[in-house]
Amino acid sequence: MNYHVKKIYNNNIILAEDDKMSEVILLGRGIAFQKQIGDLADIDKIDKKFIFESPETYSKYITLLKEVPLNQVELANKIIEQAQMELGVTFHDSIYIGLTDHISYTISRYKTGLTIKNALLWEIKNYYSKEYEAARNSLELIRYYEKIHLSDDEIGFIALHFINAQQNGEEIQQTMAVAEIEHDILNLVKYHYQIELNEDTLNYSRFVTHIRFFARRLLKKEIFMSDDNFLYDQIVMKMPQAKACADKVKDYFIKKYDIAISQEEMIYFMLHINRVAERERKDSKR
């Protein structure tokens, strides 16, 4: 396949046109050196080719490439390719923008000593273990190429990019179904406790994220079926109101989806419901 130079962005990035008249972004060190519009690109200098379906995605990526050092762009590409192989998936194009920008920002933060805690780390690790392990392996690539050691919090952030890049291609029906489940469960909690939930709190964000993760797994029929009787009994004893509310959630899934969620899933719902609702009740009494 031949590529004719159509536009030069910098010494390492060009917009080219292939033999089928399709536009493609070509990355490679010195790929644009001494080139003119209409020249053939040097095939042996091409490190990566990108064909974006969306003009908006294409425009954002070009802007990003002008701001991020090429070695960090290449590192992000290596991370994406490795994760796709490990997970057996093809990510949505948007990951090349989101993850590249994230990797560059993370490296910059590390050098200035700024660290950020990942509030959703537990949920990501437990509900998306495959993506979490792929992200853990990504840290090895970052350590090798950038000589920096990042925390487990960063594993969670990278894993979220892997998760979202698989969900961008969701059918609109599934997206709507997830939103409906989220709305219904939040209403169940509000009516059970007769309270309004503060959407600005961390507990609320955690609960919503849990509902969305659960809803997607439910729609894909990836529901945990194991039981932990001892822990379940302990939580029921300590959180009777959360148990009563979680029972309503359980009934909702039985009636609407003909799925009886396990004790393990009930434990997670009780814990989240207790955090988000009991805190609101205490605050309202002050």
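The values are calculated or read from the model by the stated rules, or taken from the named source; none is laboratory data. Since the model is a prediction, treat every value here as computed from it, not as a measurement. Neighbour counts run over all protein chains shown; Cβ positions are idealised from the backbone, glycine included.
Tabulated values for the structure
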read-out	value
K117 vs. criteria of a type outside the set (V, I, T) and not in a helix (DSSP H, G or I)	yes
Close pairs (8 angstrom Cβ cut-off, 6 or more residues apart or separate chains): in contact (Cβ under 8 Å) with a residue 40 or more places away in the chain and not assigned by TED's automatic domain parsing to the domain that holds F207 in region 237-256, hydrophobic (A, V, I, L, M, F, W, C) and not in a helix (DSSP H, G or I) anywhere	none
Residue tally, condition under 14 Å from the mean Cα position of the chain (by Cα) and either at positive phi or surrounded by fewer than 17 Cβ atoms within 10 Å (Cβ to Cβ) (or both), over region 96-121	1
Output for region 187-222, where each listed residue is closer than 30 Å to K130 by Cα, among the β-branched types (V, I, T) and assigned to a helix (DSSP H, G or I)	V208, T209, I211
Selection count where residues are closer than 27 Å to G98 by Cβ and touching a residue at least 24 places away in the same chain (Cβ under 8 Å), scope region 42-60	12
